[in-house]
1. Under a point spin-label approximation (7 Å from Cα along Cα-to-Cβ), what is the residue 358-residue 424 distance to one decimal in nm?
2. Run the simple label-point estimate for residue 201 and residue 183 please: 7 Å along Cα→C-beta, distance reported in nm.
3. State the antiparallel share, in %, of DSSP beta bridges confined to the chain, rounding to the nearest 5.
4. Considering only C-alpha atoms, what is the centroid distance from the range 5-62 to the range 307-359, in Å?
5. Ranked highest first by the average count of other Cβ atoms within 10 Å around their residues, in what order do 20-30, 130-140 fall?
6. Rg to Rh for the range 203-245: what is it, with Cα atoms only and Rh by Kirkwood?
7. Rounded, prolate or oblate: which fits the range 108-258 when a ≥ b ≥ c are the square roots of the eigenvalues of the alpha-carbon gyration tensor, with rounded for a/c under 1.5 and prolate only if a/b beats b/c?
8. Going by how many other beta carbons lie within 10 Å of each one, how would you line up 247, 386, fewest first?
Ligand SMILES: NC(=O)c1ccc[n+]([C@@H]2O[C@H](COP(=O)([O-])OP(=O)(O)OC[C@H]3O[C@@H](n4cnc5c(N)ncnc54)[C@H](O)[C@@H]3O)[C@@H](O)[C@H]2O)c1
């Protein structure tokens, strides 16, 4: 349910309210070491079926149960598990039943958005770690619920933000930590993906993903762009998001496309799409950095997550991946292809597993690397790369942008889901050493401004 307020003051008060903690921090808390990670899948449609295939290729991952209201999808998943040589998994129409089993360590959730938080919460309350598709939550109340449940149950909630594991993104992370771009000042992130056909289809995501276009006006899908930029900026490991302000354009492209492609007697012809085609939100961080975060899934234009990070010594920008580094371009203001620096900065995950990942995995291998990492952290008894605080803070631009736009583009305080644990800490330093190959700057340079 969308969070709606009578006045701007009421909205700010709500957003700024930190509920009482129900447990202690989950930052840096390791998984119990397990040789074999036993999984239950909840939702095996387009995405869940793909993740299942990649999981079956990971050493040490065993799929014991599958749940989906669609019998055809359950059977398709069962057959895939059997084909991979694993025992026939239990099949349930009711997702609660797989969360309640006592032979499951991790529940993998790839259902429609509205179920993500209730399913992750139920899994944690039944003693399982939860891995949940993006966005993990669609309201601020849900964001807090994920954090509070993880802290209370001592189970992790990992949001499956695959884009953090992209070849360019992990190389960018290495370059940022190596200090190539100097003091980081600004990032740009987006989900710009023309999905008009999918939104209006009579199958798959067309059955549910158009709904928020009818009743929301904000940034519906913020995490793919924001996750990697948050990693570059050490968010929750020395920095945090402090403010958000948002603006949406008018809505045009989905209506026009629907009128041009959908038969006149189709009930969809009566729908009214409220969500502006382009949402642009601005986020500020405690260390004085800014982030542009955009969302547009209806305008005809090429795919982009922007993926820009800049600092006092240079800039990396994606689509296509390129860099500009101070003093390295013979005085010409021209980009250089990022590939020229691959031998110096390519991430070790991609050096070691890139070939296999590309052969097996969806989204150019990114999904395999993400799944492999999650299973590896559980098998080695390490903390996860992404925790409940990341899930909450990267999902929060959804509801925050809705509230900002609905209240005259109000600047909102950004909830501190870590309740103060975002400052540089031992857990944050360890995180950096686990994930980055090239570290010369983990500390945020002293003296960076801390705007109020
Ligand atoms: N990370 C990525 O790159 C990526 C890519 C695609 C989709 N996604 C996300 O994955 C999720 C699923 O998307 P999709 O493309 O597979 O959609 P889909 O419509 O193809 O599949 C959804 C599946 O969930 C099932 N389902 C419906 N209600 C359910 C419930 N209450 N419990 C369990 N299952 C239920 C449906 O029967 C269907 O099989 C969405 O959150 C989407 O945003 C992420």
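1. Taking the two extended label points, one gets 3.7 nm.
2. 4.8
3. 50
4. The range 5-62 and the range 307-359 have Cα centres spaced 30 Å from each other.
5. 130-140, 20-30
6. Using only Cα positions, Rg/Rh for the range 203-245 is 1.15.
7. Oblate is the answer for the range 108-258, as a/c is 1.5 or above yet b/c matches or exceeds a/b.
8. Values: 247 15, 386 28.
Least to most surrounded, the residues fall as 247, 386.
Each value in this text was obtained by applying a stated rule to the coordinates, not by laboratory testing. All values derive from a computational prediction rather than experimental measurement. Neighbour counts run over all protein chains shown; Cβ positions are idealised from the backbone, glycine included.
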